[in-house]
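Working notes, beginning with the structure itself.
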Amino acid sequence: MFLVVLCVVFIQCQVNIYSAFYSFIPVSNDTRDLLLATVSEDSTASQIHQSVSALSALGLPLASQEVVSALKALHVLIIILALLTASRLSQQAELGDILEEIEDLAARLDDLGGVYLQFEEGLEATALFVSAAYSLSDHVDMEPPLKEDQVIQLVNSIFSKKSWDSLSEAFSVASAAASLSNNHFHVPVIVSAQGPAAVSHSHPFLRLQVTDVLCQPLSSASVLAESASAVSSKSAVLSQALFTLRDGVFELNFMASQPASGYYQFSVAIAGDSRFVANHVELKVKVSTRVAINNMDLSVVDKDQSIGPKTTRVEYPTKAKASFMADGHQNFAMTFQLVDETTGVELTPHQTFVRLHNQKTGQEVVFVAEPDSKNLYKFELDTAERKTEFDSISGTYALYLMVGDATLENPILWNVADVVLKFLDEEAPGTIQAKTLYVPKPEIPHLFREPEKKPPTAVSNTFTALVLSPFLLLLILWFKLGANISNFTLSPSTILFHIGHAATLGLMYVYWTHLNMFQTLKYLAIIGSLTFLAGNRMLAQKAVKRYTHQ
Amino acid sequence: MSNNSVISVISRFLEEYASSTPNKLKVIDAYLLYVMMTGALQFLYCLLVGTFPFNSFLSGFISCVGSFILAVCLRIQINPQNKGKFLSISPERAFADFLFAHTVLHLVVINFIG
């Protein structure tokens, strides 16, 4: 690095001298690369200046934007170095101006999403700034102008990385950690649960680790659970309970307040030192419990209720000795209760399934057992209703009860009994096919538009004749009226006109069958103009004849 | 009483028509009757059987209606009693207009008949 500095200075001087005497100086590629590499954020201000002047005097291209950002980063670093230096000076010196720089620099911090606060120059600058600001503030014994949420956001940014790019970056983070845990004004508090934040009867204590940024336990703190309320019902369970310190960990016997199983929102406050920052924390704690199944009654109920139900009680985890029969005339029914093992309170876990497994074919069908208003679970199997799920395959099915929930410590899979189901034999499929989900589906053929229904040809033919019949009527009427063509003169214009007129009508027919509008218009223009001229002539002659007659 | 008067009005009208209308106009009137019947029969077919090729029905019907209108115009312009109103239009000119308008009408009809 030092050599590079020397080289750059040497080149700079040389260039300045030579440019006074020569107009062209040969530069090798290595020289140019050396100069360009010097313009980076790690260089000092004088290095940047020398390499930029050398480059521009040599007429080599510069990356101006890079130089500007390098200069900006310098500014921040200079201020931080000034703060650190000032913190070692005698207290009698006038340090007020330098102190104000802390506030100016704090204003340059970027807020990222309300969570992180850092310089755009990076982590190292932010961490060094924190360490410099606190050492100077301690030195002059004046509180730094940083608000509580700014300190929290700075802590978030500085300690967000788990590995660092360079030794200087790691040093800056360590230095910031040391100053944040050991200054006179702000000490951020880190609260975390030891292990999962869960309590149960076997583990009734909620354990919290309360430390500073360097993970040193804060033994002088007093931790108070201000309130704890159930997430589902929002009812408060605990208020103003103090944690006790044992072996560096703060613990609270939450199960002593006998909470029902579920999730609880804790609001914890840490007091004991006026320097504590971020000392109000929200935690979610899970209370789990063990479930017990009571009063499992299996019965076969006759559909028409003529014979009373036979109920068998089964105790967990044994299996019922006899198997139960359900066919078209009888339903199989099951009722049970799920209670908390210790308190006897009724529970409604998320998963209560009844699984029927055909041991021969490997088929399984799963149903959901639902609780009624008194939290008594009921399951009824009607073979006639449910035959589609079973594909009407009769046989012995093993019945399992599955109970599970996030707050249960002992999920249950219990083979309760065997059930023999009988379906109507006609409906059973010949071979049992595994349900294939991932085969190509049947092809859907494209249905072209159906042509519209037309009336029978006889009807349309009749109507065609009918519609043409008034023409006959017309001819008859004209004959009766004595219309004639006795005035027909055989002059060329008349003949041409009539030919043209007939051609127009013929063109119309051809248009209908073969042509499009453009071609028709073209032909019509030709025929029409001829017809027009001939017709004009003919009508003029007729008019003259009429006038001479009058 | 009213029955009698309606019948007498109609018979009087027919008498007047037969006697005082020139032959040329009667020829045109016969043509008008023909066109009207053709149109009515087309409409009847549409009502009975359905509008399946609707464009064809429309074009046929419009052709009848258009022809009727043009023939009425011709009749009005040719009628010697209306000579005072059409001083610049001779009967020949009226007939030429009639032919030209028919050409345009049939062009449209054939285009639409599909």
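The values are calculated or read from the model by the stated rules, or taken from the named source; none is laboratory data. As the structure is a prediction and not an experimental result, all values here were calculated from the model. Here the Cβ positions follow ideal geometry from the backbone for every residue, glycine too, while neighbour counts run over all protein chains shown. These accessible areas exclude ligands, DNA and RNA; they are computed on the full protein's heavy atoms, side chains included. Shrake-Rupley method; radii C 1.70, N 1.55, O 1.52, S 1.80 Å.
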Task: Residues located in segment A:270-293, provided they are surrounded by 15 or more Cβ atoms within 10 Å (Cβ to Cβ) and either of a type in the set (S, T, N, Q) or touching a helix residue (DSSP H, G or I) at 6+ places or on another chain (Cβ under 6 Å) (or both) - done: A:Val277, A:Ala278, A:Asn279, A:Ser288, A:Thr289
- [ ] Count, please, the residues in segment A:156-183 that happen to be open to solvent by 60 Å² or more (accessible area, probe 1.4 Å) and touching a helix residue (DSSP H, G or I) at 6+ places or on another chain (Cβ under 6 Å).
- [x] 1
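With of a type outside the set (D, E, K, R), more than 8 Å from every other protein chain (Cβ to nearest Cβ), assigned to a loop (DSSP other than H, G, I, E, B) and touching a Leu at 6+ places or on another chain (Cβ under 9 Å) as the only criterion, which of A:Leu533, A:Leu507, A:Leu515 stands out?
Working: A:Leu533 fails: assigned to a loop (DSSP other than H, G, I, E, B); A:Leu507 fails: assigned to a loop (DSSP other than H, G, I, E, B).
Among A:Leu533, A:Leu507, A:Leu515, only A:Leu515 is of a type outside the set (D, E, K, R), more than 8 Å from every other protein chain (Cβ to nearest Cβ), assigned to a loop (DSSP other than H, G, I, E, B) and touching a Leu at 6+ places or on another chain (Cβ under 9 Å).
Here is a check on your reading of the model: is A:Thr548 of a type in the set (Val, Ile, Thr), farther than 30 Å from B:Ser56 by Cα and more than 8 Å from chain B (Cβ to nearest Cβ)? Break it down into steps so the answer makes sense when it comes.
Working: of a type in the set (Val, Ile, Thr): yes; farther than 30 Å from B:Ser56 by Cα: yes; more than 8 Å from chain B (Cβ to nearest Cβ): yes.
Considered against the rule, which asks whether it is of a type in the set (Val, Ile, Thr), farther than 30 Å from B:Ser56 by Cα and more than 8 Å from chain B (Cβ to nearest Cβ), A:Thr548 comes out as yes.
When you go through A:Ile293, A:Ile270 one by one, which is the residue that is in contact (Cβ under 8 Å) with a residue 12 or more places away in the chain and within 27 Å of A:Thr211 (Cβ to Cβ)? So that I can check it myself, show each step before the final result.
Working: A:Ile293 fails: within 27 Å of A:Thr211 (Cβ to Cβ).
Sole residue among the options that is in contact (Cβ under 8 Å) with a residue 12 or more places away in the chain and within 27 Å of A:Thr211 (Cβ to Cβ): A:Ile270.
Within segment A:446-489, which residues are more than 7 Å from every other protein chain (Cβ to nearest Cβ), of a type in the set (Lys, Arg) and not in a helix (DSSP H, G or I)?
Filtering segment A:446-489 down to residues more than 7 Å from every other protein chain (Cβ to nearest Cβ) leaves A:446-451, A:453, A:456-458, A:460-462, A:464-465, A:468-469, A:472, A:475-476, A:479-480, A:484-489.
Now drop any that are not of a type in the set (Lys, Arg), which leaves A:449, A:453, A:480.
Hits for segment A:446-489 are A:Arg449, A:Lys453.
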Open item on the list: Among the residues that make up segment B:38-52, is at least one of them in contact (Cβ under 8 Å) with a residue 12 or more places away in the chain, away from chain A (no Cβ under 12 Å) and in a helix (DSSP H, G or I)?
Closed with: no
TODO: Say whether the condition of being in the same structural domain as A:Glu124 (by the TED database), open to solvent by 70 Å² or more (accessible area, probe 1.4 Å) and assigned to a loop (DSSP other than H, G, I, E, B) is met by at least one residue in segment A:64-76.
DONE: no
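Yes or no: A:Ser23 under 30 Å from A:Thr126 (Cα atoms), outside any helix (DSSP H, G or I) and at pLDDT below 70? Reasoning before the result, please.
Numbers: under 30 Å from A:Thr126 (Cα atoms): no; outside any helix (DSSP H, G or I): yes; at pLDDT below 70: yes.
For A:Ser23, the condition - under 30 Å from A:Thr126 (Cα atoms), outside any helix (DSSP H, G or I) and at pLDDT below 70 - is not met.
Return the only residue of A:Ser267, A:Ser257 being out of contact with any helix residue (DSSP H, G or I) (no Cβ under 8 Å at 6 or more places or on another chain) and at pLDDT below 85. Reasoning before the result, please.
Values: A:Ser267 fails: at pLDDT below 85.
Going through A:Ser267, A:Ser257 in turn, the sole match is A:Ser257.
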- [ ] Among the numbered conditions (1) of a type in the set (D, E, K, R); (2) under 37 Å from the mean Cα position of the chain (by Cα); (3) at pLDDT 85 or above, tell me where A:Lys480 comes up short.
- [x] (2)
- [ ] Identify all residues within segment A:530-540 that are open to solvent by less than 60 Å² (accessible area, probe 1.4 Å) and out of contact with any Asp or Glu (no Cβ under 6 Å at 6 or more places or on another chain); write none if there are none.
- [x] A:Thr531, A:Ala534, A:Gly535, A:Met538, A:Ala540
- [ ] Return only the number of the condition from (1) over 27 Å from A:Leu224 (Cα atoms); (2) buried (at least 20 other Cβ atoms within 10 Å of the Cβ) that A:Gln153 does not satisfy.
- [x] (1)
TODO: Scan segment B:62-96 for residues that are free of Cβ contacts under 8 Å to residues at least 24 places away in the same chain, open to solvent by less than 80 Å² (accessible area, probe 1.4 Å) and either within 11 Å of chain A (Cβ to nearest Cβ) or outside any helix (DSSP H, G or I) (or both) and report the count.
DONE: 9
